[in-house]
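Worksheet: the structure to be examined is printed underneath.
Read-outs: derived from the displayed coordinates by stated rules, not from any lab. On a predicted model such as this, the values are computed, not experimentally measured, just so you know. As a convention, Cβ positions derive from the backbone with ideal geometry for all residues, glycine included, and neighbour counts pool all protein chains shown.
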Amino acid sequence: MIEELHIRGLGVIEDARLSLAPGLTVVTGETGAGKTMLVTALQLLLGARADSSLVRTGAPAASVDAVVMPRPPEADDHLGAAVEPLIVARELPADGRSRARLDGRPVPVSALAEVLGPHVEVHAQHEHVRLSRPEVQRHLLDRYAGDPHARSLEAYRAAYERWRELSARHTRLQEDARERARELDRLRFEVEEIDAAALDVEADAHLPAAIDRLAHAEAIQQAAVEASVALSSDHAGEAVGVAVAALRRIEVEDAELTALTDRAVALAEELRALSADVRDLGEAIDADPAALAELQERQHLLATLQRKYGSHVADVLAYADEARARLTELEADEADAGTLAQQVQEAEQALRAAAGDVHRGRTTAAERLAEVVDAHLADLGMPHARFAVEVERLTDQPPAAHGTDRITYVLAANPGEPPRPLAQAASGGERSRVSLAIEVALADVDDASVLVFDEVDAGIGGATALQVGEKLARLAAGERDRQVLCVTHLAQLAAFADVHHVVEKGVSGGRTVTTSRRVAEDDRVGELARMLGGDATADAGREHARELLTTAQQRRAG
C-alpha cells in the first residue's frame, strides 16, 4: 500500500505531496490542472519508459518518491531483508537517463516493475495495462475457477513434469543413439582386449627380469660353470683352510682374535655353499628360444595396453573397471530406449487427459466470469457491450507448463461488432470501465493491493457515475483491504471517496504551479458543489452535494 506520494518537477507540478490511505481515494481538479500527472508518476514508479519532456521547464530534473507499506517481499531480492517501510524513487534528469532507487540504493529501472508490479495496477487511457497480457488473463481465470480447478491444475503440472522428463530423456537417447552405438562397440572391444591379457600386477612386474635371464641363458651357464669350478678347486679351499688353521693355533684369550677366527671358518663354509649355488644356477637355466619369444610377446602386449590405457598394469586394470561401469550405463540406456517410447506415449496420454480437465474448468469459469462482467458493464453505462473469455485448446501445439489453452479476454463494445481483444475493442474511457468491471468481478482473486483508475468516468454521468463510484468503493472495501485511487471529474463518483484530494492550478512568480490538498470532511459538501458546476456556497448546489453524499453512504452501506 502506498502511504505517501511525493512529486517534484513533473509537468506542471512543481512540488506536490499526497498522503494516501486505505480505501477509495479520489483526485479531482480542473482540466489541465495536472491530476493525470499523478497517474504518470505512479507509472514511472512501475518502471514505465521515461521521457525528458515530462520534466518541468526550467527544472534540472523530475522526481517521484513513494512510501510503500507493508514492504513488498520482492524488494528483498534486491536489498535483502530490511525494516519497513520501503522507499521507491525515480528521477528523470532533464538531460540524461532516468535513475531508480529502492531505499536510496541504485537499482535497474526494471527492478521497480519486479517489486511494485505485482501489487500496483494502473488502468489508464491509451495505455497497455496488465489485464491485456495473456499470462495475467490466464492466471486470473484460473484463480476465479476455484479450488476444484486448482486441484486439476496441480494434477496437470505433475503430469507435465513427468511427460517433460521422459520426453527429454527419450529425445536425448534418440539423438545419442549413433554415438552410443559407437561408444558401446569401442568399450566392449577395450574390455575384451584387457580381459584377454589376464593381467597380474605382481607377476607382470617380474617380466623384464625373466626376459633378461632367458636372453642371456648360455652366458649365465658358462659363467656359472667357471665360477663353480674356481670356487670348488683345491687351491681356493686350501688357502682359506690354511688361514683357519693358523688362527686356531694361537692359544690366547683374545676376543678380536676369536672373532677373526670365526669369520675365517664362516668364509670356508660360504665358499662351499657359494660353489654349490653357482653350480645349481647353471644347471637350472636352460636356453629356450620358444619361452623367450613367448615372454617377449607378452612384454609387447603389455606395452601396447599401457600405451592405450595407462602407464602401469594397475592403471590398465582400473581403466577396465571404469569401462565396464560405463558399459553397464549405456546398456541400460539401450534397454530403456526400447521401452521409453511407450512410457512417453502413456505420459502424454495422461497429460492430455489432465489438460482436458483443466480446459473444462476454464471453460466453465469463463462462462461464469463473462456473465458477471456483462452485468457490471450494464451498470457502468455499457448495456450493449458483451464480454467473453475465449478458451481455445491448442491441440496442434506441444503442451505448456500452464496447459494447452490460449486464454483471451475479448469485448464487443457495441451491437453488431465482432469481439476483439481488450486493448483493441474499446475507447480509452470504455476500456477503463471494462477494466473496472473485470476488477470488480475478480476482486477476490486478484493479488494487486493498489488499483489506479484514470478517467474511468469518461463519457458517462448521472446514474452511471454513481454505479462507477459504488463499484470502486466495493473494490476498496473488500476483504483484501485494497487501496483504490481514482482520477475523476465527476462529483457523483467523488462522493464515494474515503479520501478526497484536489489538484489546483495557480500562478506563482509568473509561472503556472500545480498544488494538491486533501479535502477536510467538513469541506466535502462545498467541494462537491463546486464540481457540480455551481457556487460552493449556493444553497441549491450544496443541497445537491449533500444528497450525493447521502446516496453514496447509503449505497456503500447496502
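For the range 309-353, the square roots a ≥ b ≥ c of the C-alpha gyration tensor eigenvalues yield an a/c of 1.5 or more together with a/b exceeding b/c, which makes the shape prolate.
Helices of the chain meeting both criteria, an alpha-carbon length of 18 angstrom or more along the long axis and an average Kyte-Doolittle score not below -0.5, with helices taken as full DSSP H segments, are 217-232, 234-249, 255-284, 313-379, 428-441, 462-476. The protection proxy used here, the mean number of other Cβ atoms lying within 10 Å of each residue, ranks peptides 42-48, 421-427 as follows, highest first: 42-48, 421-427. Here r is the Cβ-Cβ distance between Ala293 and Ala314 and R0 is 45 Å; the resulting FRET efficiency, rounded to 0.05, is 0.95. Spin-label model, Glu165 to Val252: label points 7 Å out along the Cα-to-beta-carbon direction sit 9.7 nm apart.
Taken as Cα centroids, the range 428-479 and the range 294-312 sit 86 Å apart, rounded to the nearest whole angstrom.
Of all DSSP-defined beta bridges confined to the chain, some 70% are antiparallel rather than parallel.
Per-residue 3J(HN,Hα) values for the range 489-495, derived from phi via the Karplus relation 6.51 cos²θ - 1.76 cosθ + 1.60 with θ = phi - 60°, read 10, 9, 5, 4, 7, 4, 5 Hz in sequence order (x marks Gly and Pro).
In this rough spin-label picture, where each label sits 7 Å from Cα along the Cβ direction, the Asp277-Ser132 distance is 10.3 nm. Label the range 414-507 by shape, choosing from rounded, prolate and oblate, from the square roots a ≥ b ≥ c of the eigenvalues of the Cα gyration tensor; if a/c is under 1.5 it is rounded, and otherwise prolate applies when a/b is larger than b/c, oblate when it is not. Oblate, because a/c is 1.5 or more while a/b does not exceed b/c. Sparsely packed loop sites in the range 1-97 (the trypsin sites (Lys or Arg not before Pro) outside DSSP H, G, I, E and B with at most 14 other Cβ atoms within 10 Å) comprise Arg49, Arg97. Where only DSSP H runs of four or more residues are counted, the chain gives -18500 deg cm²/dmol as its mean residue ellipticity at 222 nm, each run worth -39500 (n - 2.57).
Entry note: the range 43-124 has Rg to Rh equal to 0.98, where both radii use alpha-carbon atoms and Rh is the Kirkwood radius. For Lys505, the lysines whose Cα comes closer than 23 Å to its Cα, not counting residues fewer than 8 places off in the same chain, are Lys35.
As a ratio to 2.2 N^0.38 Å, the alpha-carbon radius of gyration computed for the range 297-427 takes the value 2.27. Taking 0.36 nm per residue of separation and subtracting the current Cα-Cα distance, fully stretching the chain between Ser52 and Ala155 would add 32.1 nm. Annotation: peptides 109-122, 176-189, 154-167, ranked by per-residue average of other Cβ atoms within 10 Å with the highest first, follow the order 109-122, 154-167, 176-189. May I ask for the distance between the Cα centers of the range 500-558 and the range 1-37, given as a whole number of Å? When both Cα centres are located, 16 Å separates them.
For the pair Val201 and Asp498, the difference between a 0.36 nm per residue extended length and the Cα-Cα distance amounts to 97.8 nm. Working note: Cα gyration tensor of the range 326-377, eigenvalues times five, square-rooted, sorted largest first, giving semi-axes of 48, 10, 4 Å.
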